[in-house]
Amino acid sequence: MATVREKGYSHWDGHLIERRFPWWPITRTGIQLAFRKKRFKIIFAGAFIPSVVFLVGLYISERLEDFKTFLQGSDRLINISPKYFATYFTNDSLLFLIVLVLAFGAGGLIADDLKHSSLQLYFSRPLSKKDYLIGKMSVIAFFVLILTALPGIVLIIFKLIFAGSFKFFLQYPWLPLSVLGFSALLTVFFGFYVLLLSSVSKNARYVLILIFGVYIFSNVLYGILQGIFRTPYMLLFSVPANLQQAGAFLFGQTLPRAVPAVWSFAVLAAICALSAVVLDRKIRSVEVIK
Amino acid sequence: MTAVIAAASLSKWYGNVLGLNDVTLEIEDGITGLLGPNGAGKSTFMKLITGQMKPNIGTVTVRGRKVWNNPELFQGIGFCPEQDVFYEDVTGWEFLTGLLRFYGYAGTEIRDRAARALDIVGLTADKDRLIRGYSRGMRQRIKFAQAVAHDPSILILDEPLSGLDPLGKRKLIRLIKGFRDQGRTVLVSSHVLPEIEALTSRIVLIHQGKILAQGDIPYVRELIEAHPHQISVRSSDPRALAARFVGDPSIQKMTFGPDGRTLVVETHKRDEFFGRLTGVVLEAGIEVDEISSPDDNLQSVFEYLVGK
């Protein structure tokens, strides 16, 4: 006689949250794991130094009389205008600090999943490849925006507070959009850049070196090629130079090099497109033949 | 009965390596054992039915719904992979609660389910330890816990018993059978035959990416009629017994066991032999101590089918 089996599914009475953001657990875990690293916490805190310096500069600019003896003719440096913001966003140190934060905090985003074969756990759950990538990208967005958009908006607000009027805002009403636009550009670019490099190795340390290496080497290559060919177009080989060109354009400033900004946008877009293709191919469950 | 999991002409290859070759298979409620040596295609098949890979040819459906690119389907499927899949620096608790978040449960529900799953696998006391410090058996159990924590109706278990000590194996076998008794579907793979035998008699034999046979063990045995059955008869006078069978055309071969009391017969017609054996034993007045079919186990079936 056949076994009679009890249909024993337990009826769940709990509250099922609508899965509007299926990628959120990926983001949450990514951020949590980054902040577990002591070294990362120190780097992350240090990455706010430029914003603090620029905030102090902003305060001084409104109290020029009080700081006259310290400034001694260099008050032009802290003339608050869109250029001041462009300088904040495109200076080498901020870009380098963003790379530093991402290398230590996000370098292992995919590499660690590959190392621990976690992809098969994720993809055997209600999570698509798109959700997975959005989740990882959001971790990078969190770090980049917290170092760019947040201080940028805070600087504008403090400028208005220190000045005690809306004159600055009325003079440059498009400035918040520039801040958000360039922050978004950095987020998208670094998102693809870091995820691409994170997907090429299972070793997060190797990825960390790659993130730095590619960033710095591209600039070195630019210097060498410029020396050989004597043309500013060689900047297209440099990641930071392209970002600075794009930043200057978005803040309405004179471009640092005599090359149309559209070329830099095209190079950055091409890197993102290439990364998307590679990620699409690399992000799949580990294929083990057994 | 409608198949819970259905694969139709499923093929998957990795470059020039064929992982799975034209597999058509239906898996129903209860426990089904997927048996084959390493490299047979078991994990490939499991990855295809858990939607982690796209088949090159063919389709796979779960409860009539296509698997590939259908993440919502996995609300009701639990998968326990063979390899360790952990971030070593998280605790068992964090591992489980983190994975439960993908199902959209509220916070309290996540904690309740994680606690229940840890209780099922007996890891409650170790929930706050880093997975780095877990033993092989504990790692297997936490993997099993993540597969059942969301109460799936289908469980896909890839070599779940590997690395467990005998006691751990027995506990896990009991758990898996408990899931079957609740009316769930369990597909479990192994290359260790006694493990599958302990779980189920319904097996799928897979080798070199092909399904060699499927059904329960006696059914599979019927499929290999070309290979003679081995029957061992321990009696008071095995030579007298052998003399009675010498002229029997259904007998392929007879040998005597090393103990001098056992006659080992190879025959294509097992039922006929057993029918005759009763009469012969009665006629000759031979005392029979034991009749066994030493090859009527999974190992023998498997070896016959893969041509060993």
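The values are calculated or read from the model by the stated rules, or taken from the named source; none is laboratory data. All figures in this text were calculated on a predicted structure; none of them were measured in a lab. Glycine gets a Cβ as well: all are built from the backbone with ideal geometry, and neighbour counts include every protein chain shown.
The residues of segment B:101-116 that are over 13 Å from A:TRP23 (Cα atoms) and facing chain A (nearest Cβ under 9 Å), listed by number, are B:TYR105, B:ALA106, B:THR108, B:GLU109, B:ASP112, B:ARG113. The number of residues in segment B:150-176 being more than 22 Å from B:PRO37 (Cβ to Cβ) and either touching a residue at least 60 places away in the same chain (Cβ under 8 Å) or away from chain A (no Cβ under 11 Å) (or both) comes to 13. Considering the conditions (1) free of Cβ contacts under 8 Å to residues at least 24 places away in the same chain; (2) within 11 Å of chain A (Cβ to nearest Cβ), B:PHE179 is excluded by exactly one of them, (1).
Out of all the residues in segment B:227-247, is one or more outside any helix (DSSP H, G or I) and under 30 Å from B:ALA7 (Cα atoms)? The answer is yes, given that some residue of segment B:227-247 is outside any helix (DSSP H, G or I) and under 30 Å from B:ALA7 (Cα atoms).
Let me confirm something: among A:SER183, A:SER124, which residue is touching a Phe, Trp or Tyr at 6+ places or on another chain (Cβ under 6 Å) and either surrounded by 21 or more Cβ atoms within 10 Å (Cβ to Cβ) or away from chain B (no Cβ under 14 Å) (or both)?
When all the criteria are applied, what remains is A:SER124.
Would it be correct to say that B:MET53 is touching a helix residue (DSSP H, G or I) at 6+ places or on another chain (Cβ under 6 Å), in contact (Cβ under 8 Å) with a residue 24 or more places away in the chain, within 11 Å of chain A (Cβ to nearest Cβ) and on the phi < 0 side of the Ramachandran plot? Judged against the criteria, B:MET53 is a match.
Checking each residue in segment B:1-57 for being over 17 Å from the mean Cα position of the chain (by Cα), crowded, with 20+ Cβ neighbours inside 10 Å and among the charged types (D, E, K, R) picks out only B:LYS12.
Residues considered: B:LEU10, B:LEU48. Of these, the only one that is outside any strand (DSSP E or B), closer than 22 Å to B:SER190 by Cβ and more than 9 Å from every other protein chain (Cβ to nearest Cβ) is B:LEU48. When A:PHE166 is tested against (1) modelled with pLDDT of 95 or more; (2) touching a helix residue (DSSP H, G or I) at 6+ places or on another chain (Cβ under 7 Å); (3) exposed (fewer than 15 other Cβ atoms within 10 Å of the Cβ), exactly one condition is not met: (1). Of the residues making up segment A:271-285, those that are within 14 Å of chain B (Cβ to nearest Cβ) and either loosely packed, with under 15 Cβ neighbours inside 10 Å or not charged (D, E, K, R) (or both) are A:ASP280, A:ARG281, A:ILE283, A:SER285.
The rows are residues; the columns are (1) surrounded by 15 or more Cβ atoms within 10 Å (Cβ to Cβ); (2) modelled with pLDDT of 80 or more; (3) closer than 22 Å to A:LEU109 by Cβ.
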{"site": "A:GLU6", "(1), (2), (3)": "no, no, no"}
{"site": "A:ILE49", "(1), (2), (3)": "no, yes, no"}
{"site": "A:TYR59", "(1), (2), (3)": "yes, yes, no"}
{"site": "A:LEU64", "(1), (2), (3)": "no, no, no"}
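Take the conditions (1) buried (at least 18 other Cβ atoms within 10 Å of the Cβ); (2) at pLDDT below 90; A:GLY30 misses just one of them, which is (2). Screening the candidates A:ILE209, A:ILE157, A:ILE146 for the property of being over 26 Å from A:GLY252 (Cβ atoms) and aliphatic (A, V, I, L, M) yields one hit, A:ILE209.
In summary, B:ASN69 fulfils each of the numbered conditions (1) assigned to a loop (DSSP other than H, G, I, E, B); (2) at the interface with chain A (Cβ under 7 Å from one of its Cβ atoms) with the single exception of condition (2). With respect to the conditions (1) among the acidic types (Asp, Glu); (2) under 30 Å from B:LEU20 (Cα atoms); (3) in contact with a helix residue (DSSP H, G or I) (Cβ under 8 Å, 6 or more places away or on another chain), B:ASP216 falls short on a single one, namely (3).
Taking first residues from segment A:243-265 that are touching a residue at least 60 places away in the same chain (Cβ under 8 Å) and partners that are assigned to a loop (DSSP other than H, G, I, E, B), the Cβ contacts under 6 Å between residues at least 6 apart in sequence or on separate chains come to A:GLN244/A:PRO256; A:ALA248/A:LEU255; A:ALA248/A:PRO256. Scoring A:ARG284 on the criteria (1) among the basic types (Lys, Arg); (2) assigned to a helix (DSSP H, G or I); (3) within 30 Å of B:PRO37 (Cβ to Cβ) leaves a single failure, condition (2).
Determine, yes or no, whether A:TYR132 is out of contact with any Leu (no Cβ under 6 Å at 6 or more places or on another chain), closer than 27 Å to A:LEU33 by Cβ and either in a helix (DSSP H, G or I) or more than 14 Å from chain B (Cβ to nearest Cβ) (or both).
Taking the combined requirement at face value, the residue satisfies it.
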